[in-house]
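This report concerns only the one structure given below.
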């Protein structure tokens, strides 16, 4: 299958689904499209709540495109690359409607940032998480604010330093990333549908005001995440990081 971003309105739910054949590792063009579709759903009066999901039955998101990462050769390209997930996180933050995230499988790097940005995130027991950036000589600078906001500084620190190993879905649940962990996708979807039904019948104005409360204190993220992206954009050009990436490619 080819990469895609699909969106539809189904019974008052704005559904945004993305897919990439490389374990849902996402190039910049896909990340831009996801952000655009989330923002578009917020403008649809018919939509009461937004559901963000990925296609396939394995990884939810394996982070950013590695092919694009190894092609970076200047600061401008580096900044553009690392702002990809910032656009999605900021779109989730900026919309006035709750964004529910469905996580069916493993989550790496920027994908953890998307899961953390969700206002309410469901997962299966297969949805282990890893912030792998330090392993290739950079760091989770862009997704860091979202992960720290949802999970706390201690959990973010552990994920960042232990960059080569996955933490279980249960661990992520305990530390606040997931609202619930289910045995399989069918059970998860049943729970998601139940919550969506409740939210569709809730007061839209109340949810809008609550969204503001939930995200209070993040008003500077449009600037902050771009600044964080610039850090990674410079680090990726260093000799250390180039060597780390080349070693990773050999595995």
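Computed from Cα positions, the angle between helix 185-200 and the longest principal axis of the chain comes to roughly 60 degrees.
Computed from the C-beta positions of residue 170 and residue 210, the FRET efficiency with R₀ = 25 Å rounds to 0.35.
Counting only alpha carbon atoms, the long axis of helix 84-94 and the longest principal axis of the chain meet at about 30°. The share of alpha-carbon pairs in segment 4-185 lying farther apart than 29 Å comes to 14%.
Listed from fewest to most Cβ neighbours within 10 Å, the set 102, 58 follows the order 58, 102. Spatially, segment 227-241 and segment 97-132 are offset by 25 Å when compared through their Cα centroids. Dividing the mean sequence gap of close Cα pairs (under 8 Å, 6+ apart) by how many residues the chain holds gives a relative contact order of 20 percent. Taking 223, 83, 124 in turn, the Gaussian network model of the chain (Cα-Cα springs below 10 Å) assigns the largest fluctuation to 223. Calculate the tail of P(r) for segment 94-136: the fraction of all Cα-Cα distances greater than 18 Å, expressed in %. Summing the P(r) tail past 18 Å for segment 94-136 gives 30 percent. For segment 83-109, the residues whose backbone nitrogen is under 19 Å from a point 7 Å from the Cα of residue 39, taken along Cα to Cβ, are 83-100. Hey, what angle do you get for helix 221-235 against the long axis of the chain, alpha-carbon based, 0 to 90 degrees rounded to 10? Once rounded, one gets 20 degrees.
Were the residues from residue 74 through residue 200 laid out at 0.36 nm apart, the gain over their Cα-Cα distance would be 40.7 nm.
A straight chain from residue 153 to residue 246 at 0.36 nm per residue would run longer than the Cα-Cα distance by 30.4 nm.
Read-outs: derived from the displayed coordinates by stated rules, not from any lab. Keep in mind that what you see is a predicted model, and the values were worked out from it rather than measured. Neighbour counts are summed over all protein chains in view; Cβ atoms, including those assigned to glycine, are modelled from backbone coordinates with ideal geometry.
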